[in-house]
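Down below is the structure, laid out as structure tokens.
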Amino acid sequence: MRVGLLIGLAIVILLVGWQGVTTMADRLAGAGWAILLVALFIPPDLILRAASFQLLFLRGRAPRFADTALAMWIGSSVNFLLPVATVGGEFVKARILTLRSVTGVDAAASVVLDKTVQALSILIWAIIGTVILAVVTPSDEPMVLAAVTGAGLLALGIGGFVVVQYAGAFGLFARPAARVSRSDTWQSLVESAADLDQAIRALYRQPIAVTVSTILRVAKRAVMAGEVWLVAWLLDHPIGWEEAIMLNSLALALRSAAFAVPGGLGVQEGGYIMLGALIGLPPDVMLAISLATRLGELIEGLPGLVAWQVTEGGNYWHRRRKASPQPPSC
């Protein structure tokens, strides 16, 4: 992950240097304090993400919405700002939920399914963006073919991921290790893996919940296309809604494909520049749009990381108080 982070940072620095540091600073400064309006998209985005996630629990086992939102906020903040390949935040989400009395199996199963729903919503959003790209650009544009190919590969990847989940992936990995070690620890792990596989399959038997969850995720992505539209307007290069959707969807698909690069650093910026060229927007404007959307991630992510430490710290001191001997009563 460190290599990916360094490569991503290097690409961003090169792109900014290519356009000129002064030029980029002037672009962003031209929007003034209004650029902070990107923060307005954080609440609806988080609410839709949390609502989508809360649907992915077995009936009667879903945590309170406030706990789901907290787990989503902290997990997303970890994925936004730390070099964890967009996976570490999922572990943190599950961890936060277990601190809120959700069983480990339920938390892990819901996180796995949530990751699947995220990928499915990215696929749907990328298809919508590809259709718009095909409409607004010449039919022989290579980017259209590349987008279609990418969507096809993503669909195959999601299909394979779902098949593996149905096949009981966690048990398949745990059982060979248990046969080799024959220790009680590994036998317990096999039992836990089997419980997790069973819980995941049970979640898939709630198709309406999974479908609504996916719709909410797509709606969240539509909300964030509004962020691109707003930033372009603030930079005095207004674009239409269809162009904002196309830019947001395909740049997100590129960023997701480059999951090994933390936060898609450099990949997102390069994607915006390439896509902007297709609709006549200059590279410096597209680079500024990408950097401005990252400002929203910082506004959400930095307090989220603090909330993570506060939550874990509170849990640590709670356990210490319970473990410390109580003074004798008089």
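The values are calculated or read from the model by the stated rules, or taken from the named source; none is laboratory data. On a predicted model such as this, the values are computed, not experimentally measured, just so you know. Methodologically, a virtual Cβ is constructed for each residue, glycine included, from the backbone with ideal geometry; neighbour enumeration extends over all protein chains shown.
Taking the criterion of being exposed (fewer than 15 other Cβ atoms within 10 Å of the Cβ) and on the phi < 0 side of the Ramachandran plot, would at least one residue in the stretch 43-58 satisfy it? Yes, there is a match, as at least one residue in the stretch 43-58 is exposed (fewer than 15 other Cβ atoms within 10 Å of the Cβ) and on the phi < 0 side of the Ramachandran plot.
Evaluated against (1) in a helix (DSSP H, G or I); (2) under 21 Å from residue 38 (Cα atoms); (3) in contact (Cβ under 8 Å) with a residue 24 or more places away in the chain; (4) of a type outside the set (Phe, Trp, Tyr), residue 274 falls short on exactly one condition, (2).
Residue count for the stretch 222-244 under the criterion of being crowded, with 23+ Cβ neighbours inside 10 Å and either touching a strand residue (DSSP E or B) at 6+ places or on another chain (Cβ under 7 Å) or β-branched (Val, Ile, Thr) (or both): the result is 2. Of the residues in the stretch 188-203, at least one is at pLDDT 80 or above and of a type in the set (Lys, Arg). Give the residues of the stretch 61-86 that are free of Cβ contacts under 8 Å to residues at least 24 places away in the same chain and part of a loop (DSSP other than H, G, I, E, B), sorted by residue number. Passing the criteria: only 62.
The residue list 246, 224, 286 contains one member that is under 21 Å from residue 73 (Cβ atoms) and modelled with pLDDT of 90 or more, which is 224. Could you give me the residue pairs with C-beta distances under 6 Å whose first residue belongs to the stretch 253-267 and is at pLDDT 85 or above, whose second residue is among the basic types (Lys, Arg) wherever it lies, and which are 6+ apart or on separate chains? These pairs meet every condition: 267/255. If you go through the stretch 87-105 and keep only what is modelled with pLDDT under 90, more than 16 Å from the chain's Cα centre (by Cα) and not in a loop (DSSP other than H, G, I, E, B), you end up with 104, 105.
Looking across the stretch 198-238, just one residue is under 16 Å from residue 162 (Cβ atoms), in contact (Cβ under 8 Å) with a residue 60 or more places away in the chain and part of a loop (DSSP other than H, G, I, E, B), and that is 206. Right, residue 47: part of a helix (DSSP H, G or I) and more than 18 Å from residue 213 (Cβ to Cβ) or not? Judged against the criteria, residue 47 is not a match. For residue 27, the criteria (1) surrounded by fewer than 19 Cβ atoms within 10 Å (Cβ to Cβ); (2) closer than 15 Å to residue 295 by Cα; (3) not hydrophobic (A, V, I, L, M, F, W, C) hold in every case but one, which is (1).
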